[in-house]
Structures are given as C-alpha cells and as structure tokens.
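Structure first, then comments.
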Amino acid sequence: METCLSMSKRWVSVKLMILLLFTQSLMACAVPSETSTSHQLSNIIDHDALSELLTYACSQKLDRRASLLIMFSPPESLWSEQSYRCGDDNVFDFSDRRPPIQLPAELFSSTDEQWILEAYRLIQQGTYSLMGEWIHPKNPKEISFLHRAFAKHPYITARLMASAPAPHVGEVWQLLYQHMDRILLDSPAVEDQRLLAFAMARDGREQEAISLIQQLLSQGDFASLYVLPFVTLDTPKPIENEDEMAETTEPELGYQVLAMLENFVYQQNYPKEFCAWAQDLEPGPLANYVATLLVNFQENLPCTEG
C-alpha cells in the first residue's frame, strides 16, 4: 500500500514538472525576445529614442553597424553630441553617395526592416550632397508610401527627410514639407530644429531657414551658426538703366543675416567663440558680411586674422 502511494506521489510530481515546463515554453513563445521588443520602429518617436538606438548599433560588433548613422546623421559641423560616431573615427563622410545598405541582423523585425529600407530608398538612396543627383518621385505608389510614412512613423520619416544630403525639390516634396516642419519644430531637441534649418537651406527655402536660425540663436544655440554656410545668400548686383548708369540691388537676405548676427553677438556679450567660427568660413558672401560685422565690433570683439 505504501509502495503504491509513493509511486502515485512520484507520478503526480512528474506531471507537475511536465506541466511547469510546458507552461514556461508557452511563455517563451508568447513573449518576444529582448532584441525585437527593444528595437521596434514604433518606439522611435523622438530624439532620445533615436539616440539610444544609434548608440546601441555602434556598441555592437555587427556588420554594417554604420548603416543607421548613414541614414540619420546630419553634417558633422552640426553635431552637438557623439551618438553619430562609432569609436574614435568618423564612420562615413556626409558628402558620400548614399549607397544601398544592409542593416545588422536581428536589429529589427523583418516587417520593420523592409519598411525602413524602403523609406531610405525613396528619401535618400543614390543621392549625393547638395548639388548632386536629386530624387524626384513619380510613381504614385511610391508617393503614396511617402505620405503614409508620416502617419506610420512620423519622427523617423521626418529625420530621414531632413538628413538627406541632396535637395528635396519639386511638388511632391513641397507637399511633404509641412509634415517634416511640424514634427521637427515641435521636437524639444534643439538638434532636430537645427537639422530642420539645414534641410530648409538645402532645399532652397532660404527665408524659412534664416528665420529658424534666428530663433535658435536668440535662444543661445551657438551651434546654429554652422547652418548659415549652407544658406545661399544674395549679394548686390548691378542693374543697367536706360541711361547706362549702374545701380545695384539690395541684398535683402544678406542684410537680414548681418542684422541677425549683430544682435546675436551683442546679446551673447561678444563671445570669443564667434571669432573661431568666423575665421573658418569659406570665402563668399557670408564671409564678407561677417567681415563687415567684425570691423564694426573690433573694439569689443577683437579677432585676430588667420
């Protein structure tokens, strides 16, 4: 009798063990792995989340670890943090051609990976910096994808569009500006707004770019000065009248930038950092306007040449 009871207890214990193992296996199947839950595109809704993703990608010894940086990095002069750098060396040159890329394995689900690669293809792939090859979407399905992208993953789409090296010009992109502008202007991260100013300048929206740069400078964002070299400024041009007497046009954008910089230097109490920025400028209209400014401020802001 005792033997049968002992055997019965052991059988119950075995069944309980089997049930426990079965339950654990079901839970393991039901709960996604840490990788899949940590890197869902739906979770990348702001600058902080994107920075965490880029930092993670750089920390992994994976092939193509620089792919995400190619997608999202602004020009290096606009960096305000090191999340765009893997290790001590630059991963890529912003002016490089945007090649087809392959993301690290298991970084995203297959659905998310297909989506972001398609978004990258339509927004950036194949373009060069500034006056290089431009993307002009014509396929109705691709245009529809771009519009739906802002509804599906608004922040990611806005960052992809703002980080592209080549201009987004034409009717299709003009309809998408409103979404990119709204998302990045609403971002609490100054870097997003600075990147938007770059995108505006890149796309020939000079007045909008200058207005945004002025707003950022008024908030003390010194790094916004580095967006100005991307803005195409006007210069005085001669006009021949009927009497063959030369007149000149007024460079409205140039004068606006000059007044903006004067106000910034005064508000910031003549910062020495302004001298370093000014001396690194390439020859051109902006450098000429800045030189005029430095002459006016030479008593309060003496900058050595060279």
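The values are calculated or read from the model by the stated rules, or taken from the named source; none is laboratory data. Since the model is a prediction, treat every value here as computed from it, not as a measurement. When we count neighbours, we look across all protein chains shown, and the Cβ atoms used for this are built from the backbone with ideal geometry, even at glycine. The area values use the complete protein model at the heavy-atom level, side chains included, leaving out ligands, DNA and RNA. Shrake-Rupley method; radii C 1.70, N 1.55, O 1.52, S 1.80 Å.
Quick notes on this one:
- Verdict on Gln215 being closer than 25 Å to Ala49 by Cβ, open to solvent by 50 Å² or more (accessible area, probe 1.4 Å), out of contact with any Ser or Thr (no Cβ under 6 Å at 6 or more places or on another chain) and not charged (D, E, K, R): yes
- Scanning the stretch 110-133 for residues that are in contact with a Lys or Arg (Cβ under 6 Å, 6 or more places away or on another chain) and open to solvent by 30 Å² or more (accessible area, probe 1.4 Å) gives Gln125, Tyr128.
- Unique match (being under 19 Å from Val231 (Cα atoms) and at pLDDT 90 or above) among Tyr255, Tyr270: Tyr255
- Residue check for Pro137: out of contact with any Leu (no Cβ under 6 Å at 6 or more places or on another chain), under 25 Å from Gln215 (Cα atoms) and at pLDDT below 95: no
- Matching residues, the stretch 134-150, being assigned to a helix (DSSP H, G or I) and open to solvent by 90 Å² or more (accessible area, probe 1.4 Å): Pro140, Lys141, Arg148
Here's the yes/no breakdown for (1) modelled with pLDDT of 95 or more; (2) open to solvent by 10 Å² or more (accessible area, probe 1.4 Å); (3) at negative phi; (4) over 20 Å from the mean Cα position of the chain (by Cα):
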site: Glu208; (1), (2), (3), (4): yes, yes, yes, no
site: Phe222; (1), (2), (3), (4): no, yes, yes, no
site: Leu225; (1), (2), (3), (4): yes, no, yes, no
site: Pro236; (1), (2), (3), (4): no, yes, yes, yes
site: Ile239; (1), (2), (3), (4): no, yes, yes, yes
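- Tally, over the stretch 285-300, of residues that are farther than 16 Å from Gln268 by Cβ and either among the small types (Gly, Ala, Ser) or under 32 Å from the mean Cα position of the chain (by Cα) (or both): 6
- Tally of residues being over 22 Å from Ser211 (Cα atoms) and either among the aliphatic types (A, V, I, L, M) or part of a helix (DSSP H, G or I) (or both) across the stretch 274-293: 3
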